DNA sequence: CAGCGATACATGCAAATGCATCTAGTTTGA
DNA sequence: TCAAACTAGATGCATTTGCATGTATCGCTG
């Protein structure tokens, strides 16, 4: 209600974001320096991973772009690289001639799985000793709530 | 104890990290597209911010490098840019001739404050509607605990 | 249904990034 | 004490990124 209370709400939000961001940096730094990403950069793996989670097996480029922190043009060229390596395939979207559907090739699926196995172990090695299972569930809930709220403008 | 329980602990850790990461992407995407970062890229602001928080007003490049997701060489050149713009100053560390201390100039301090004010408001606009104050405090606690654990190997 | 703005993705180009390596200063241990 | 190993940071160079823009398709409106 009072002026300081408004200001402290802003401060709390800022400190929360700062902490979330720094923890992400710390974890990502460890993960990407591991041997799992010698054969494929993390950002490229992330696209393979996103495709592997998708029920239909296909995603539009703009849908992928929402999930990764890359400009549209950078994603377009990242996909060029993946395609050149035979890990994904572009198809024109059937219902929209402008759109491009991306799908994993068999090689892409296998590479994703191989890296994924190692990656998941690396994650567990970092996260499991840091937080209890209950804390992890709460962190999962809070970050998902934040993401959903931000995504919905 | 059973096989699935070990595997589900790994899965929980992976899902927690995934959610943390995606929420970071979603928030960062909004923040960096705002008008606050028209005059200075986010990564460069982050270095100014880090310096502004530091009690002594000076930090070694390798200390800064721990906080940001950049290679050593990229940070070195990012600091070149900041220095060329007159926002920071390099000094040889008095106790270690190899080291470089970085400090804000007056112009750097002012630009950080100006961008910071707007940035903090943007953060609050995204975070405050998403999570209650208690939830933010809990998210802050959990991410800080994770960061501390990961930083300490 | 014609034309105009909007959307999806690609591309030219300048800037930023990372890897490998270099230089210089520091620490270690025989 | 001094050479070898190590650490901090800078730099050459190839790759990646983003901005601005181009091309093709879509959808709306008169």
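Okay, here's what the table says:
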{"read-out": "Residue satisfying all of: in the range A:96-109; away from DNA strand C (no atom under 11 Å from the Cβ) and over 19 Å from the mean Cα position of the chain (by Cα); surrounded by the fewest Cβ atoms within 10 Å (Cβ to Cβ) among these", "value": "A:106"}
{"read-out": "Any hit, the range B:13-30, residues being under 26 Å from residue B:121 (Cα atoms), away from DNA strand C (no atom under 13 Å from the Cβ), exposed (fewer than 13 other Cβ atoms within 10 Å of the Cβ) and under 17 Å from the mean Cα position of the chain (by Cα)", "value": "no"}
{"read-out": "Tally, over the range B:41-51, of residues that are in contact (Cβ under 8 Å) with a residue 24 or more places away in the chain and within 11 Å of DNA strand D (Cβ to nearest atom)", "value": "1"}
{"read-out": "Residue ID - nearest to residue B:14 (Cα to Cα), chosen from residues in the range A:52-67 that are within 13 Å of DNA strand C (Cβ to nearest atom) and in contact (Cβ under 8 Å) with a residue 12 or more places away in the chain", "value": "A:67"}
{"read-out": "Selection within the range B:120-130 - more than 8 Å from every other protein chain (Cβ to nearest Cβ) and in contact (Cβ under 8 Å) with a residue 24 or more places away in the chain", "value": "B:122"}
{"read-out": "Strands (runs of 3 or more DSSP E) contained in the range B:1-117 and holding at least 3 residues within 10 Å of chain A (Cβ to nearest Cβ) and on the phi < 0 side of the Ramachandran plot", "value": "none"}
{"read-out": "Within the range B:95-118, tally of residues that are over 15 Å from residue B:82 (Cβ atoms), in contact with a helix residue (DSSP H, G or I) (Cβ under 9 Å, 6 or more places away or on another chain) and within 16 Å of DNA strand D (Cβ to nearest atom)", "value": "1"}
{"read-out": "Filter pass, residue B:145 being surrounded by 16 or more Cβ atoms within 10 Å (Cβ to Cβ), more than 26 Å from residue B:41 (Cα to Cα) and under 18 Å from the mean Cα position of the chain (by Cα)", "value": "yes"}
{"read-out": "Hits in the range A:132-142 (condition: within 8 Å of chain B (Cβ to nearest Cβ), surrounded by fewer than 22 Cβ atoms within 10 Å (Cβ to Cβ) and over 28 Å from residue A:58 (Cβ atoms))", "value": "A:133, A:135, A:137, A:138"}
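Each value in this text was obtained by applying a stated rule to the coordinates, not by laboratory testing. A quick note: this is a predicted structure, and the numbers were derived from the prediction, not measured. Here Cβ is always computed from backbone atoms with ideal geometry, including for glycine, and neighbour counts include all displayed protein chains.
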